[in-house]
Amino acid sequence: MKYKIQTSSLNLHYGSFHALKDVFIRIRPRMITAIIGPSGCGKSTLLRCFNRMNERTAGVQIRGHILLDGQDISQTGNDLTQLRKRVGMVFQRPNPFPLSVFDNVAYGLRVHAMKKGAAVGKAVEAALRATDLWDAMKDNLHRSALELSAEQQQRLCISRLVAVEPEVLLMDEPCSALDPIATEHVEELMRVLAEKYTIIIVTHNMQQAARVSQETGFMLLGELVEFGQTERVFTNPADKRTEDYVTGRYG
Amino acid sequence: MTTALTQTVGLTRPKTTRFNANPIIRIVLMLLALSAMSGLAIITLFIFKEGVPIIAKVGFRHFLFSSNWYPLEGEFGIFSMIMGSLAVTAGAMVVGMVFGLGCAILLTQFCPPRWVSIIKPAIELLAGIPSVVYGFIGVAILVPFIRDYLGGPGLSVLASSIVLGVMTLPTITSISVDALQAVPRTYGEGSIALGATEWQTTYMVILKAARSGIVAAVILGMGRAIGETMAVIMVAGNTLDVPHSILDPVRTLTSNIALEMGYAAGDHRKALFATGVTLFVIIMILNTIALTVSRRRSKGKVLAK
C-alpha cells in the first residue's frame, strides 16, 4: 500500500458551519506529514477525522471517505477502540492521567488487554525507552505523572501511545505548551519515531513544519489549498494563498 | 487633557486621613471565627465531662463490649447499639453509594448536560424533606413490604439502611457530580483517543481523578447517616440485641439517646452522655480513615523485572 491514509471528497459540517471542504489528502507511511494553516482553518478537525474523534461532538456531520490501509474507517462501525488503538493521538496540552507514571503507560495495555503480568512491565519499559524517558523515570515509576515537567508529561503521553503499538500518530500542536528547548527535544523524538510510525502533525508554527516534516499540507478556511513535499511547499508554492502564508503575509 | 487630569488626580491623591476600619473588621471577624470554634470546643468538653466519668465507673471494656443495657439496675453496656449504628450506617452507605454515585456517573458521563441541570436540583430537593417524613414513609410502606415479602418484623437494619441511604442521596449525588464535573475534559479525551471505551474511561481515569471529591461526598453522607435519629427510631425497631441479619431490628446510639433522655436521671443520664461520647469518637475515627484513604497516592504496581 503506497498510502497509509487517503481521503476523498471529505466534507465536515458542525451544524451549519462547513468546516472541511472536499478535502483530498494522501499520507505516506513512515514519514512526518505536517498540516499548517491559520487558526480555525480546520486542520485540527481534519486530524480528528482520522481517529473519528469528531463524532463525539454533537451536531457533526461527515461525508466522504477516509481510507486507512485502503479500508474505509467509517466501515469499522462502532468498533472505534480498534481504530483508535491503530491511530493514536497526542494533544496540545500534555494530558497524562492522574495516575502513576507506570499506570499511565500501562493504561492502553490494560484497556486493550494486550499484556499480562511481567509482560506489562517489559512493555512499559520499552515504551519509556522509545521516548527516552526510561533513565529519568525508572526510579520514579510510582510518582504521580502530574508531578513531571511539561516536556516529560508530553513524552509520557507519547509513551502511552507507543505502548499499544499503533501505526499512526496524530499530533495536535504537540509542542505549543512547551518551551523552545523542550520543543527541540520533542521534534528530535518525532524524527526517531517516524522510522516506525506514520506521523501527522498539526502546527501553526511554520518553522516547525519545515524542520520536521517531509510533506506539508496548507489549509485555509476548511480547504486543503496545497499539498506536497515540504521543501517545495515552502520554497516554491503553487498557490498564491500558500505563498502569502508561508512568506508571513498573513496568518 | 485626559493625561493631565489623571496625573493631577494621581498626584493629589490624599494621604489617608480617613478612619481605617481594617483592624477593627479583622478583630470582629476573628472573634466570630473563634466563637464558632469555641462552640465546638464547648460541646466537646461538655459531653466528655458528663460522659467520661460514667465510662470509668462502669469500666471501659464493659461499657463498650457488653450488650446488657439495664439502666435501672446500673448495667450500662452499649455494644448492641454500637453494632446497630455501624450496621445501619454501612447499609445506608451501600444504598447511598450505589444509587448516589451511580446517578452522578450517569449524569456526568452518559447524559446530555441539560439533564444534569434538571435532575441534580431534583435530587437536591430530597434534602429539604424533614426526616420524620422519611420515617413515616418507611413505616407506612417499606416496613410492611419487608415484613410481608422478606420476613422478620419489618422494622429492621434493612429498612433503616434504605431510608437513611435515600436521605444521603442528595449529599452524595450532588457533591459527586461536582467532583466529576471538575475533572478536566482532557483526561477523558486522552483515554478515549487511546481506544478505551466510555466505561473504561470512567472507572479507570475519571473516577480516580475525582476520588478525593467522591470520598468527601461519602464522608458527608456517612455523617448524615450515623447522626440521623428521627427516621431511624421510626423504622429500626429499637430492640437491644446485636443484629444477626439485616432483617433484625436494632437500636442505634442516636436512637438510644433520643428515646431515653426524656426520663433519664443520675447515672442513666450520664450513660446517655457517654453514648454520645462514643458516637463522637466513632465519627472522628470514620472521618480520619476516610480522609487518610482519600489522601493516599495512587500507587502503581511494582515493575516486574
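For the reader, a short list of remarks on this structure follows.
- B:F65 - accessible surface, heavy atoms, 1.4 Å probe, Å² rounded to 10: 130
- For B:T239, nonlocal amide neighbours, meaning residues 5 or more places apart or on other chains whose placed amide H falls under 5 Å from its own, are B:V250, B:R251.
- Most positive-pole-ward Cα, B:G51, B:V250, B:I162, against dipole of chain B from beta carbon charges: B:G51
- DSSP-defined beta bridges in the protein assembly as shown - what % are antiparallel, rounded to 5: 60
- A straight chain from B:V132 to B:E260 at 0.36 nm per residue would run longer than the Cα-Cα distance by 44.3 nm.
- Among A:A58, A:A34, A:A209, the largest mean-square fluctuation in a Gaussian network model of chain A (Cα springs under 10 Å) belongs to A:A58.
- With the helix formula -39500 (n - 2.57) applied to DSSP H stretches of n ≥ 4, the protein assembly as shown reaches a computed 222 nm mean residue ellipticity of -16500 deg cm²/dmol.
- Cβ-derived FRET efficiency at R0 35 Å, B:E198 paired with A:H142, nearest 0.05: 0.80
- Alpha-carbon centroids, segment B:73-123 and segment A:1-62: separation in whole Å: 46
- For B:E75, the amide hydrogen comes within under 5 Å of the amide hydrogens of B:Y70, counting only partners 5 or more places away or on other chains and with H modelled in the peptide plane.
- Take the Cα of B:A21, step 7 Å toward its Cβ, do the same at A:S74, and the gap between the two points is 6.6 nm.
- Above-threshold pairs, the threshold being 29 Å between Cα atoms, out of A:K43/A:K116; A:K115/A:K196; A:K116/A:K196; A:K43/B:K208; A:K43/A:K85: A:K43/A:K116; A:K43/B:K208
- Note on A:98-105: average number of Cβ atoms from other chains within 10 Å of each residue's Cβ is 5.
- Inter-chain Cβ neighbour average for residues B:269-280, partner chain, 10 Å: 0
- Cβ-Cβ distance of B:W115 and B:A33, R₀ of 35 Å, FRET efficiency by 1/(1 + (r/R0)^6): the value works out to about 0.30.
- J(HN,Hα) series, segment B:171-187, from Karplus relation 6.51 cos²θ - 1.76 cosθ + 1.60, nearest Hz, glycine and proline x: 4, 5, 5, 5, 6, 5, 4, 4, 5, 5, 5, 7, 5, x, 4, 5, 4
- Reported to the nearest whole Å, the Cα centre-to-centre distance from segment A:131-153 to segment A:188-224 is 26.
The values are calculated or read from the model by the stated rules, or taken from the named source; none is laboratory data. The shown structure was predicted, so the numbers you read here are calculated from the model rather than taken from an experiment. Backbone-built Cβ (ideal geometry, glycine too); neighbour counts: all protein chains shown. Areas reflect the complete protein model, heavy atoms only, side chains present, ligands, DNA and RNA absent. Shrake-Rupley method; radii C 1.70, N 1.55, O 1.52, S 1.80 Å.
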